[in-house]
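Single-structure report; data block below.
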């Protein structure tokens with residue numbers, strides 16, 4: 001069995017408490033579930049660092065989907081060496097970033113999300 005996190009188990013008997021500490025060896029319980037590699041894009045007001053939750057965000061001209069759990073936008077990482085992330089919002093200067101399409105994998109060979117932060121400047 002592979003463990004996701006270090007686990008501490010405390011047991012006691014009538015005579016003496018026993019502490020058993022199981023250390024994480026860096027392994028975790030793996031499953032066969034596959035989720036494609038993706039970007040998680042967070043958009044902020046550059047001056048106040050306030051999240052912008054209704055921006056128009058695209059990767060290589062394909063619209064992203066907004067996360068329902070937080071103020072981020074999610075898109076699969078496209079094939080190729082790089083991708084173009086475009087972000088716009090009314091009252092802000094549009095921004096375009098060229099980002100790598102490489103990503104890391106965890107110990108189960110699952111892709112780890114690539115986090116991108118975009119700061120939009122307000123128009124004068």
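Tell me, yes or no, whether the stretch 62-75 has at least one residue that is assigned to a loop (DSSP other than H, G, I, E, B), surrounded by 14 or more Cβ atoms within 10 Å (Cβ to Cβ), touching a strand residue (DSSP E or B) at 6+ places or on another chain (Cβ under 6 Å) and on the phi > 0 side of the Ramachandran plot.
no
In the stretch 103-117, which residue that is within 14 Å of the chain's Cα centre (by Cα) and surrounded by 12 or more Cβ atoms within 10 Å (Cβ to Cβ) is farthest from residue 37 (Cα to Cα)?
117
In the stretch 41-52, how many residues are within 16 Å of the chain's Cα centre (by Cα) and exposed (fewer than 15 other Cβ atoms within 10 Å of the Cβ)?
Adding up the residues that qualify gives 1.
Tell me whether the stretch 11-19 contains one or more residues that are in a strand (DSSP E or B), surrounded by 10 or more Cβ atoms within 10 Å (Cβ to Cβ) and either in contact with a strand residue (DSSP E or B) (Cβ under 9 Å, 6 or more places away or on another chain) or modelled with pLDDT of 90 or more (or both).
Yes, the stretch 11-19 contains a residue that is in a strand (DSSP E or B), surrounded by 10 or more Cβ atoms within 10 Å (Cβ to Cβ) and either in contact with a strand residue (DSSP E or B) (Cβ under 9 Å, 6 or more places away or on another chain) or modelled with pLDDT of 90 or more (or both).
Within the stretch 46-58, is even one residue under 21 Å from residue 106 (Cβ atoms), assigned to a loop (DSSP other than H, G, I, E, B), touching a strand residue (DSSP E or B) at 6+ places or on another chain (Cβ under 7 Å) and in contact (Cβ under 8 Å) with a residue 60 or more places away in the chain?
no
Got a number for residues in the stretch 83-124 being farther than 19 Å from residue 50 by Cα, touching a strand residue (DSSP E or B) at 6+ places or on another chain (Cβ under 9 Å) and not in a strand (DSSP E or B)?
Result for the stretch 83-124: 6.
The values are calculated or read from the model by the stated rules, or taken from the named source; none is laboratory data. Quick caveat, the model's predicted, so the values are computed rather than measured. With ideal geometry, Cβ positions are generated from the backbone for all residues, glycine too; neighbour counts draw on all protein chains shown.
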